[in-house]
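Here the structure is laid out as structure tokens; the discussion comes afterwards.
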Amino acid sequence: SSVGYVLLVPLAGVVFHAVGRHPIAGMAAAFAGVSGGFSANLILGTIDPLLAGLSQEAAQIIDPAYEVNPTANYFFMVVSTFIIAFVGTVITERIVEPRLGKYTGTPESISPEDNNQDDATINKLSPKERKGMRMALYTLLAILAVTLAGIIPENGFFRGDDGGFLSSPLIKGVVAMLFLSAGLTGLAYGFTIGTYKNDADVMKGMASSMKTLANYLVLVFFAAQFVAFFNWSNLGIILAVEGANLLIASDLGLIPMMILFVVLSATINMLMGSASAKWAILAPIFIPMFMIMGYSPELSQMVYRVGDSVTNIISPMMSFFALIIAFIQKYEPKAGIGTVISTMVPYSIAFFLAWVILLIGWLWLNIPLGPDAGIHYVLPAS
């Protein structure tokens with residue numbers, strides 16, 4: 001689930017630098033997409049079943065038979081993907097990159113330890129690498145074929161006991177499917193180009209990848225002490241409960257109340273980094289409250305995800321914030337927390353406005369949030 005941070009952010013810096021643009025602008029754009037658009041996806045990710053499980057537990061406080069599927073917010077998230085991509089592009093082109101100016105660093109300043117230019121250049125794929133990419137693609141297509149064969153027929157082996165798709169092992173085991181897809185395609189590529197010759201080479205490759213996280217591990221050790229002391233103080237929990245009480249007392253209509261919930265989630269995200277940890281606190285408070293008021297658990301979860309996403313990129317409590325600083329320091333050695341936050345603030349503001357407008361339109365038109373996931377909820381007859 002962390003591949004977006006570990007792979008895409010540094011890759012964006014390399015790509016931008018290779019085409020003569022500011023590498024930090026590329027990393028900012030990738031960071032905004034990966035973290036600011038954390039809830040916007042075209043396919044299910046590991047966060048979907050995680051949050052759905054917490055939402056279901058909270059919903060069953062009111063309705064013991066209620067189930068929340070990982071696809072609960074899928075329709076909204078797909079539309080959000082294109083909106084966030086468009087808004088992020090505009091912010092990068094019109095605000096972030098002009099503010100950064102022209103990058104004057106050299107490849108040597110990017111990797112002074114080994115004094116090579118591999119991190120700053122992009123070479124064309126060799127015939128062997130092209131073959132490896134084709135094998136990875138064939139592997140992915142094979143996985144897709146097996147998946148479709150198991151889910152399309154009414155009696156397919158990926159279907160649930162009731163023959164339904166939403167209750168199928170495929171949806172409930174989406175994390176395992178993502179792991180297998182990424183792992184098998186990587187192995188297909190590695191063995192084809194000769195990087196891997198046996199299982200020992202695979203283990204060496206995994207160990208080598210861990211070496212690149214050395215700076216992050218040092219930074220996160222000290223960051224973890226701060227997070228631990230903050231959790232020990234219970235300030236995050238106090239803020240969550242008091243914020244919930246404020247929303248309950250406000251007695252507003254649906255749209256104003258949901259906007260306030262977005263603001264509350266975004267504010268708490270500045271103090272608590274883990275999306276699941278925050279939702280574990282907020283879900284038992286807000287989901288039963290909104291269900292009693294006639295609004296579905298899927299709506300509560302979706303609104304929370306919007307608020308949780310928009311401040312990810314400016315929250316020092318976000319678990320990968322130290323890693324992003326380490327990436328940026330390859331191009332700007334003096335960069336720190338202030339550099340990252342000041343660069344990402346325009347994205348955070350723009351994403352908040354765009355998502356709130358989308359949310360208002362979605363609620364106004366009463367569009368389903370996902371398969372069998374509406375906006376309203378009717379209490380079962382007692």
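The values are calculated or read from the model by the stated rules, or taken from the named source; none is laboratory data. All of these numbers come straight from a predicted model, not from anything done at the bench. So basically every Cβ, Gly included, is an ideal-geometry build from the backbone, and we count neighbours across all protein chains shown. Surface areas here come from the heavy atoms of the whole protein model, side chains and all, with no ligands, DNA or RNA. Shrake-Rupley method; radii C 1.70, N 1.55, O 1.52, S 1.80 Å.
Rounded to whole Hz and in sequence order, give me ³J(HN,Hα) for segment 359-365 from the Karplus expression 6.51 cos²θ - 1.76 cosθ + 1.60, θ = phi - 60°, writing x for Gly and Pro.
4, 4, x, 5, 5, 5, 8
Tell me the net charge near MET302. Cut-off is 15 Å between Cβ atoms, MET302 excluded, with +1 for each Lys or Arg and -1 for each Asp or Glu.
It works out to a net charge of -2.
Please check which bits of segment 178-200 a label hung off TYR138 would reach, taking the label as a point 7 Å along Cα-to-C-beta and the cut-off as backbone N under 16 Å.
184-194
Treating cross-link reach as a plain straight distance, find the lysines whose alpha-carbon is under 29 Å from the alpha-carbon of LYS128, omitting any fewer than eight places away in the same chain.
LYS197, LYS204, LYS211
Which of the peptides 192-201, 146-155, 130-139, 51-60 is most tightly packed, and how do the rest follow, judged by the mean count of other Cβ atoms within 10 Å per residue?
51-60, 130-139, 192-201, 146-155
At 7 Å along the Cα-to-beta-carbon direction for both LYS211 and VAL3, put a label point, then send me their distance in nm to one decimal.
So the two model labels end up 2.3 nm from each other.
If you stretched the chain out fully between ALA149 and PHE82, how much longer would it get, using 0.36 nm times the residue separation minus the C-alpha to C-alpha distance?
21.2 nm
Report the residues of segment 271-294 in range of a label on SER233: point 7 Å along Cα→C-beta, backbone N strictly under 17 Å from it.
271-274
For segment 250-304, what % of the accessible area comes from carbon and sulfur atoms, probe 1.4 Å?
Summing carbon and sulfur atoms, their accessible area is 72 percent of the total for segment 250-304.
How much length, in nm to one decimal, is gained on full extension between ASN366 and LEU184, taken as 0.36 nm per residue of separation minus their Cα-Cα distance?
61.4 nm is the gain from fully extending ASN366 to LEU184.
Over all directions, average the projected area of the Cα convex hull of segment 302-382 and note it in nm².
Dividing the Cα hull surface by four gives the mean projection, 8.0 nm².
What is the distance, in nm, between label points placed 7 Å from the Cα along the Cα-to-Cβ direction at VAL345 and at LYS131?
5.4 nm
Mind giving me the nanometre distance, one decimal, between the label points for ILE61 and ARG99, set 7 Å out from Cα along Cα→Cβ?
Rounded to a tenth, the inter-label distance reads 3.9 nm.
List the lysines whose Cα sits under 29 Å from the Cα of LYS172, skipping any in the same chain fewer than 8 residues away.
Excluding near neighbours in sequence, the set is LYS278.
Using a cut-off of 15 Å between beta-carbons, work out the net charge of the residues near GLY173 (Lys and Arg +1, Asp and Glu -1, GLY173 not included).
0
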